[in-house]
Amino acid sequence: IKGHPIHTYQLEVEAIRALLAQMETLKQSKFIVNPWKEVYEKLVQINTHFSRKQNQLYPALERKGFDKPSKVM
């Protein structure tokens, strides 16, 4: 469902994959600083994604008896 945390996580994963694809494209061409700065600024935001997953998703899974993702991480 749109707006549900799991849906948001999925959208963020799609954005991360798009960013990685953009980096692959940039890597194939001549190095220009500005596009790489833009990518780096977006890359820093990935931390927020993993922090929210750790603080929102994993505790909810543990309450339901799924302890493997958070125990492994």
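Observations
- Meeting the requirement of 2 or more residues that are within 13 Å of the chain's Cα centre (by Cα) and hydroxyl-bearing (S, T, Y), the helices (runs of 4 or more DSSP H) wholly within region 1-62 are 5-28, 46-52.
- Number of positions in region 26-60 that are open to solvent by 50 Å² or more (accessible area, probe 1.4 Å) and more than 19 Å from E14 (Cβ to Cβ): 13
- When we screen Q10, Q22 for residues that are in contact with a helix residue (DSSP H, G or I) (Cβ under 7 Å, 6 or more places away or on another chain) and open to solvent by 50 Å² or more (accessible area, probe 1.4 Å), the only hit is Q22.
- Long-range neighbours under 6 Å by Cβ, at least six apart or interchain, first residue closer than 20 Å to H49 by Cβ within region 17-38, second in a helix (DSSP H, G or I) and open to solvent by 70 Å² or more (accessible area, probe 1.4 Å): L19/K42
The values are calculated or read from the model by the stated rules, or taken from the named source; none is laboratory data. Quick caveat: nothing in here was measured; it's all calculated off a predicted structure. Neighbour counts run over all protein chains shown; Cβ positions are idealised from the backbone, glycine included. Side chains included, ligands, DNA and RNA excluded: accessible areas come from the protein's heavy atoms. Shrake-Rupley method; radii C 1.70, N 1.55, O 1.52, S 1.80 Å.
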